[in-house]
Every structure is written in structure tokens, then in C-alpha cells.
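Asks: Quick one: structure below, then a few questions.
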Amino acid sequence: MTLKKILEKPILSLLAVVFSLLLFSGIFKASAGPSADWPNVQLVQVVTGLNKPTHITHAGDGSDRLFVIEQRGVIKIIQNNQITGTFLSITDRVRSPDSNPAGGSEEGLLSLAFPPDYGTSKDYFYVYYTNSDGNNQLSRFHLGVNPNSADPNSEELILLFNHPTQSNHNGGQIAFGSDGYLYIGTGDGGGGGDPDNNAQNPNSLLGKLLRIDVEMEPVQPVPSAYTTFIPLMTHSTSSTLIKYRIPADNPFIPVPNYRPEIWALGLRNPWRFSFDRLNHDLYIGDVGQDQQEEIDYQPGGSSGGQNYGWDIVEGNACYGSPTCNTTGFTPPIHTYPNPSPGCSSVTGGFVYRGQSNPGMTGIYFFGDYCSGSIWGLQRENNVWVWQPLTNAPAFQLSSFGEDEGGGLYVTYLGAGAVYQIVETTPP
């Protein structure tokens, strides 16, 4: 999770303000494209009073509800611009800064994903969180007695990520792709510079983007050739069923010594990623170490297998040495500097595909956790160009999210608030 730098060093709040002002003054706008059309946008407050919101999404069930995750282990429902109730509370098993004993600033309930056909043929959903042992896990929960309440006792453990020594770099995003498979972004395991070399280790699930099939019917074991790769996957010893299987076209299935769950590798802390709902392009916001924050990209229809380079490179810069071999790496489509001294921590966003703000269409919105600033990124004549779009109403921009119609929202962790991004005038 990208909650590290500003929480650990409060003075960085001031430095983040300075960096944000520099961005908007034009000093760091050299890569912005003058010929691209950019909208005028503003942030409209939706709700306040949340406790450290870390993620926001919708169920795709026609209810027009928004679901907001609180880091401590609670999911709230927002409807008609009001908090209408608690959907799920699992604070008893989530390690976070608010738990007892307290966890690290990057631990907690981190993401939520509803499967295709939720609300019709399916009454369950998936969450990703840090458990009381400090490990990260993917779990399935079922609804309770009504659509606005989930059963906390219905948990099924799907996949466990051992994360024994560090509390940071947990990743945390989960999302279903248009192919119906679940994608999972995992951090490199924490510690500066990936000391355990997880991101480039093909036998580790950390520092990766994973792709698994959790919606197979009936539940089937994975092929026997991969059985030894599978970590703990059952919620109780009474069950021996495998809770997911490997999609047959995952890129590393035929490659010796690679975990078959891996879709892409070489990531440091992919806190937030998303799919363009129109063309299914994938955008990944990967938090940098000391030099650069980066946006990684994968076109829709990709067969996977990309290596984004960490910890050999950080963004476009060699990491740890003046020279490095980048053969076979996929470079980012955009980077921005991490000020020294200072704080930057990218929060990946979404390509806007809603109907209410036509000037925003096709622009990828992303931001920075430390400054709270929001930028736009789009392709102009096959060149990626970017532009600052808003001043920050608050710091600690923890997540972007969409509603069912493609409306775009942001959560601010420290302010406990949700805002909607809207267009003020046509470009």
C-alpha cells in the first residue's frame, strides 16, 4: 500500500505541498503535450466521516451503490451521496494501524472485487487484506440476510501470500478482467530495494501481477504438474478442494521454474491498477523507491508475460548501479520525479468512459498520495502526454474508483472523504 512516506515523516506534508506547487507552476510540465485537449475539472465532495478509506468500487448489479473500504476492515455502502450502512466488518481478523496490536501504515483491508453476474447468479465477492499474522490473503465472502449485508462468518480463504518480515509493499488491488479472470497486484515484500529479490524471482508470487480463475464451475484441482506451486488454499482442514485454477493461456505455464499464476513481473508496489472498460487496456501505478514514480501499460488483448524491470530499473532509471541490462523489459509509459528531500507515491487511476463529462473521455486519471494532486495522461499521435488537472483538496489520495456508469471518484485517506471528478467546462 502506498501509505508509507508521509505517515512515517510528518514534515513531508509540507514538502509535498511545495512539490505540488512546483508541478502546477509548470516546472515539471515539459512532458505535457500542448496539442492534446484537456478538460477543466473539479472535485465535488460526495461524503465525509469515513475512517481511512483505501478503496472504492461498485458491484455492477444495477443498484447504483458504491462500496468504500476502510483500512481497519470495514466496507461501507454509499448511495445517493450518503453513507447508508455497513456491508461487511472483519476488524477482528485484519491487521491495520487501528488494530490491537497495531499494524503498519500500509497494512489493512486493501481491496474489493465483485465477480461478473454478481447480484443475479452470484451472491459472493472477494477481498484482499492483511491478516492478524501479517500475511496478505485473498478471501471470498457471501451475502447475509439481505443485499446490503455480507456474512462475516462465510469467509473462504482462496490464496495466502506469506509476508513475514516487512509490513510495507503489500500491493492490494484485485480486479476482474474482461476475460472473467481475477487479477491481483502484489508488492515485492517490503524493505527498501527489494532485499529478498522477489520482484525478479519467478518462484515468488510477490512483486507481480497475477491472473487466476476463481469462477470455475465446478471447483476443480489445478493440473497436477502445478500442484506443488499452490500455497494454502482452503479455509478449513475439512475441505480439500482447490479454490482456484490456472487459466490455460497464462504466459508462464510452459516455462520451467515459473509460478503459473504470474501474468507480469518486475513490480515494486502496484498499489492500484485498472482496466479501460472500452478497450480493456491495463494501466498500473507502481510506487517508486527514491527516484521515479511510474505508470505501466499493457494493451488490451495482450498475452501477458511483461517484465516491468524492478529492481533492476526504477522507472526509466537504473537502480543501484550506473548501468543495467534492460533487455526484455517493458518500459513505463510515464514517470514523474520523486523529489529529494520530499515525498511522492503514485496512486493509479482509471480511463474515464462515463457519459456525463465528454471532455474527460479517453483520459487516464491518476494521482499522488503525498500531494493529493491529480493528473491526466493520454496518447497523442502515438506519444503519451500528460497534464496537471486539479489542485488537491486534501493529502493522502489513497484510491480512484468507478461507479456503474463510469463516473470517476477518489478517496482521501487522511480526510476520510470521497470526491467525484467532474468537468466544469468543455475543453
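Asks: Take LEU50 and decide whether it is crowded, with 18+ Cβ neighbours inside 10 Å, closer than 20 Å to GLY406 by Cα, at pLDDT 95 or above and not hydroxyl-bearing (Ser, Thr, Tyr).
Replies: Considered against the rule, which asks whether it is crowded, with 18+ Cβ neighbours inside 10 Å, closer than 20 Å to GLY406 by Cα, at pLDDT 95 or above and not hydroxyl-bearing (Ser, Thr, Tyr), LEU50 comes out as no.
Asks: Test of understanding: among VAL385, VAL422, which residue is over 21 Å from the mean Cα position of the chain (by Cα) and over 30 Å from ASN80 (Cα atoms)?
Replies: That would be VAL385, the only listed residue that is over 21 Å from the mean Cα position of the chain (by Cα) and over 30 Å from ASN80 (Cα atoms).
Asks: Scan the stretch 300-314 for residues that are hydrophobic (A, V, I, L, M, F, W, C) and in a loop (DSSP other than H, G, I, E, B) and jot them down.
Replies: Once the filter is applied, which keeps residues that are hydrophobic (A, V, I, L, M, F, W, C) and in a loop (DSSP other than H, G, I, E, B), the stretch 300-314 yields TRP310, ILE312.
Asks: Is one or more of the residues making up the stretch 71-87 in contact with a helix residue (DSSP H, G or I) (Cβ under 9 Å, 6 or more places away or on another chain) and in contact (Cβ under 8 Å) with a residue 40 or more places away in the chain?
Replies: So far as the stretch 71-87 goes, no, none of its residues is in contact with a helix residue (DSSP H, G or I) (Cβ under 9 Å, 6 or more places away or on another chain) and in contact (Cβ under 8 Å) with a residue 40 or more places away in the chain.
Asks: For residues in the stretch 141-166 being out of contact with any strand residue (DSSP E or B) (no Cβ under 9 Å at 6 or more places or on another chain) and within 26 Å of GLY207 (Cβ to Cβ), which is surrounded by the most Cβ atoms within 10 Å (Cβ to Cβ)?
Replies: GLN166
Asks: Can you work out which of the residues in the stretch 179-206 that are within 13 Å of TYR319 (Cβ to Cβ) and crowded, with 22+ Cβ neighbours inside 10 Å is nearest to the chain's Cα centre (by Cα)?
Replies: Top of the filtered list is ASP188.
Asks: Could you count how many residues in the stretch 393-407 are at pLDDT 95 or above and farther than 18 Å from PHE114 by Cβ?
Replies: So the answer is 2.
Asks: Related question: Could you list all residues from the stretch 266-280 that are more than 14 Å from GLY309 (Cβ to Cβ), touching a strand residue (DSSP E or B) at 6+ places or on another chain (Cβ under 7 Å) and of a type in the set (D, E, K, R)?
Replies: Those that are more than 14 Å from GLY309 (Cβ to Cβ), touching a strand residue (DSSP E or B) at 6+ places or on another chain (Cβ under 7 Å) and of a type in the set (D, E, K, R): ARG272, ASP276.
Asks: Hey, another quick one. Hey, can you tell me all the residues within the stretch 263-280 that are of a type in the set (D, E, K, R) and more than 15 Å from the chain's Cα centre (by Cα)?
Replies: Residue satisfying the conditions is ARG277 alone.
Asks: I've got another one for you. Specify which of the listed residues (PRO270, PRO247, PRO260, PRO254) is at pLDDT below 95 and either assigned to a loop (DSSP other than H, G, I, E, B) or surrounded by 13 or more Cβ atoms within 10 Å (Cβ to Cβ) (or both).
Replies: PRO254
Asks: Also: Using the structure shown, decide if SER111 is of a type in the set (S, T, N, Q), over 20 Å from ARG211 (Cα atoms) and either in contact (Cβ under 8 Å) with a residue 24 or more places away in the chain or part of a loop (DSSP other than H, G, I, E, B) (or both).
Replies: So SER111 does not fit the description; no.
Asks: In the stretch 130-169, how many residues are more than 18 Å from GLY187 (Cα to Cα), in contact (Cβ under 8 Å) with a residue 12 or more places away in the chain, of a type in the set (Gly, Ala, Ser) and in a strand (DSSP E or B)?
Replies: Qualifying residue count, the stretch 130-169: 2.
Asks: Condition (residue is surrounded by 23 or more Cβ atoms within 10 Å (Cβ to Cβ) and in contact with a Ser or Thr (Cβ under 9 Å, 6 or more places away or on another chain)) applied to the stretch 85-92: is it met by at least one residue?
Replies: Yes; the residues of the stretch 85-92 include at least one that is surrounded by 23 or more Cβ atoms within 10 Å (Cβ to Cβ) and in contact with a Ser or Thr (Cβ under 9 Å, 6 or more places away or on another chain).
Asks: Which members of the stretch 105-140 meet the condition of being on the phi > 0 side of the Ramachandran plot and crowded, with 19+ Cβ neighbours inside 10 Å?
Replies: Listed by number, the list holds a single entry, GLY108.
Every residue, every condition in (1) under 20 Å from GLN173 (Cβ atoms); (2) of a type in the set (D, E, K, R), yes or no:
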position	(1), (2)
VAL383	no, no
TRP386	no, no
SER398	yes, no
ASP403	yes, yes
VAL418	yes, no
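Asks: Follow-up question, since we're still on this one. Out of all the residues in the stretch 397-408, which are over 14 Å from the mean Cα position of the chain (by Cα) and on the phi < 0 side of the Ramachandran plot?
Replies: Answer for the stretch 397-408, where residues must be over 14 Å from the mean Cα position of the chain (by Cα) and on the phi < 0 side of the Ramachandran plot: ASP403, GLU404, GLY405, GLY407, LEU408.
The values are calculated or read from the model by the stated rules, or taken from the named source; none is laboratory data. The shown structure was predicted, so the numbers you read here are calculated from the model rather than taken from an experiment. Positions of Cβ are backbone-derived with ideal geometry, glycine not excepted, and every protein chain shown enters the neighbour counts.
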